[in-house]
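> Have a look at the structure that comes next, please.
Derivation of every value follows stated rules applied to the coordinates shown; laboratory data play no part. It should be emphasised that the depicted structure is a prediction, and the values quoted were computed from it without experimental measurement. Cβ sites come from the backbone with ideal geometry, for glycine too, and all protein chains shown count toward neighbours.
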Amino acid sequence: MDGSDISHTSIVWWTFVFKPRVSICSICICVILDGEPMTKILGLSGYYHDSAACLIIDGSIIAACQEERFSRIKHDSSFPSSAIDAVLSIGKISLDEIDAVVFYDKPFLTFERLTETFLYEAPFGFGGFSKIMPLWMKDKLFLKSKLLKCLAKFDSEFPAEKLFFSEHHFSHAASAFYPSPFTDALVLTLDGVGEWACGSIAIGSGNKLEIVKEMRFPHSLGLLYSAFTYYTGFKVNSGEYKVMGLAPYGTPIFSDIILDNLINLNEDGSFSLNLEYFNFTRGLTMVNDKFAALFGEPIRTDENFPVTQFHMDIAASVQHVVETVLVKMATYLRHEYGLPNLCLAGGVALNCVANGVLSKLQLFDNIWVQPAAGDAGGSIGAGLGYLHSELNMPRTINKEDSMQGSLLGTSYSDKSIEDCLKEFGVTYTKLNQNSKYQSVSSIIKDGNVVGWFQDRMEFGPRALGARSILADPRRSDMQKKLNLKIKFRESFRPFAPCILEDEEKNYFESVNANPYMLFVSRLKRKYHIDVKPDENKKIGFDKLSVVRSAFPAITHVDYSARVQIVKKKTNPSLHKLLAEFFKKTNCPMLVNTSFNVRGQPIVESPKDALECFLGTEMDYLVLGDFLIAKNDQPEHLAATPHLVFEPD
């Protein structure tokens, strides 16, 4: 059975027939010998969503950046010019010193899938075909030529023989395995679709990685979740985390309907989708009228329409189904292969609630998730996969992991920050290192919201304490304040805690400690507050008003939290701040949310941070060693402007 057969009603994991995962444009140009210069690889992702660039030198990740942070276009899919500039600058090298550029995807395979799918669906697929094909003919089909033209802007003599292409799921798998702390591991990749693959199993050992089984389009767990994202009125490839956040407000009463009608699930976790209910193979929407009729409500087409209990129950149901599929997959993998370590990659791996369910079952001794599990992380996997699998470079394994806390982006000197402050005309104070953490911890203790801009920017979708907004988790009004007055987003959205590494086990029922906010854990029972009977009867968003724990700002309605442990080694600045806050309050955690507002990427520069700070009701901003208080600003800067946001 090949990938063009999309009409079958049952599906199994295919045993993969080996073929090269990296296309070599000519004879391999890098030879690794003792005494030779360092091997420098530039990994790229782009043209779908979350374009990024990663610089790797002799197997070490030197820098990784997403294009959206510079362009200020969320999920920017364009050629990552600014990200390339940034990583080369951080590495202090130019493109002509790079030994190989590796793109994370093979566009011809995607073109093959699109063409075969449209032909199969003819004449129904013509509408989508007529809109998508011109874009492909112009940009993506001849991507090699386009990439070479773009790279020529950095090096006018950049040779074609230095350009390589990796398969999409191999890039994902490599991004998870090679930086992981494991010598041997299974790698499960699940996403919407990459070329033909929607799910894959790989085995990593030492410096070798091989995909052994895969599931193919259109049978995709990522597309199933995106279909419900679309149905509930949120933006596909962006709003899936809203569905995840909405789920605890509902009850999974539609799970059986999904399992009986939309997905044919096998015991090994493989499945097929019933395409009668979906539209993504033949049109430009995710679901059709039959899908809506199945659940008895129309598609929520406008985010201004209210989210009802129905949508909460739908979210809870699809979340429950995804967890059911993942548990079956993980159980099968553990039994079939016997390996104790599991790595996860692909967009589905960002579902931290499902990751928490897997973790709690303890099917595997250890689970490690690539913090940039989506397409941005493909730039890391493309580069590392080429280096280790094609060039056979030995792998150095870090017992923590090799992502350096995912703090792999740009940083700014005190001078450049102060120059920016003077240009804006803001009033500021420079703090010394002895008083900085004491002052800021006191400010947060007093109930203020602080923008925190320190050190190197994060890589991936989570703010991990370098470009963060911080607050006191003990305050019952803080979630509402952050959502409505600072983030300008839906009130139901939960917030994550960052906590000192040594304190996590005292507060949360965690199994896999994680510095990347990729596992949800329950707050321990001793920190719960007994809810009154009348409050316990509340449903939907009325649950938001119920104080149910000692840390209400980071406790979701089911007592869960997306925990980030903070390590002194990888994030010393945030660790110091947490330690000072702990001394003052006996609370070792803070609310940590991304430094941005709705519809915008996380801030990259001091200028971005100042604009965000001045455009919200944030109380203080800490830019490096500089403290800016909102109340100290000139009247024309302190006034909050009217902000309009794109759907996210």
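> What ranking do 502-515, 607-620 get when scored by the average of other Cβ atoms within 10 Å per residue, highest first?
Top to bottom by mean Cβ count within 10 Å: 607-620, 502-515.
> Per residue, what volume in Å³ does the Cα convex hull of segment 221-369 take up?
Output value, Cα hull per residue: 108 Å³.
> Among Ser220, Ser379, what is the fewest-to-most ranking by other Cβ atoms within 10 Å?
Neighbour counts put them in this order, fewest first: Ser220, Ser379.
> Then there is this: Once you put a point 7 Å from the Cα of Glu400 and another 7 Å from the Cα of Asp85, both along the Cβ direction, what distance in nm separates them?
About 3.1 nm, to one decimal.
> Can I ask one more? Can you give the Rg and Dmax of segment 391-432 based on its C-alpha atoms, in angstrom?
18.9, 55
> May I have the pair-distance distribution P(r) for segment 414-638, computed from all Cα-Cα distances with 5 Å bins from 0 and rounded to whole percent?
All Cα pairs, binned at 5 Å, distribute as 1, 7, 15, 19, 20, 16, 11, 6, 3, 1, 0, 0 percent.
> What does the convex hull of the alpha-carbon atoms of the chain project to on average, in nm²?
Across all orientations, the chain yields a mean hull projection of 28.3 nm².
> With a point put 7 Å past each Cα toward its Cβ, work out how far Glu297 is from Ser416 in nm, to one decimal.
Label at Glu297, label at Ser416, 4.7 nm between them.
> Here is a follow-up. Using the Cα gyration tensor of segment 360-442, with a ≥ b ≥ c the square roots of its eigenvalues, what is the shape: rounded (a/c below 1.5), prolate (a/b larger than b/c) or oblate (neither)?
The shape class here is prolate.
> Okay, moving on. Can you compute the FRET efficiency between Asn261 and Val236 using 1/(1 + (r/R0)^6), with r the Cβ-Cβ distance and R0 = 22 Å? Round to the nearest 0.05.
That gives a FRET efficiency of 0.55.
> Among Lys399, Lys567, Lys415, Lys584, rank each residue by its count of other Cβ atoms within 10 Å, from fewest to most, as a rough exposure measure.
Values: Lys399 6, Lys567 16, Lys415 9, Lys584 12.
So the ranking, lowest neighbour count to highest, is Lys399, Lys415, Lys584, Lys567.
> For the residue pair Leu484 and Lys526, what label-to-label distance in nm results when each label sits 7 Å from Cα along the Cα-to-beta-carbon direction?
Those two pseudo-labels are separated by 3.5 nm.
> For Ala496, list long-range residues whose amide hydrogen, built 1.01 Å from N in the peptide plane, is under 5 Å from its own amide hydrogen.
Here the answer is Asn592, since their amide H atoms fall under 5 Å of that of Ala496.
> Just from the alpha-carbon atoms, what are the Rg and Dmax of segment 191-254 in angstroms?
15.3, 46
> Additional query: Setting aside same-chain residues fewer than 8 positions from Lys106, which lysines have a Cα under 20 Å from its Cα?
The qualifying lysines are Lys19, Lys138, Lys140, Lys144, Lys146, Lys149, Lys162, Lys213.
> Further question on the same structure: What percent do you get for the relative contact order of segment 414-638 when only Cα pairs under 8 Å and 6+ apart count?
Answer for segment 414-638 is 34 percent.
> For Thr39, what residues show an amide H to amide H distance below 5 Å, using hydrogens built from the backbone and excluding near sequence neighbours?
Asp58
> ³J(HN,Hα) across segment 496-502 via Karplus (A = 6.51, B = -1.76, C = 1.60, θ = phi - 60°), whole Hz, x for Gly/Pro?
Going residue by residue, I get 9, x, 9, 9, 4, 3, 6 Hz, with x marking Gly and Pro.
> Can you sort Ser45, Ser605 by how many other beta carbons sit within 10 Å, fewest first?
On the way: Ser45 34, Ser605 19.
Ranked by crowding around the Cβ, least crowded first: Ser605, Ser45.
> Still on this structure, I have one more. List the relative contact order of the chain as a percent without decimals, with contacts defined as Cα pairs under 8 Å and 6+ residues apart.
16
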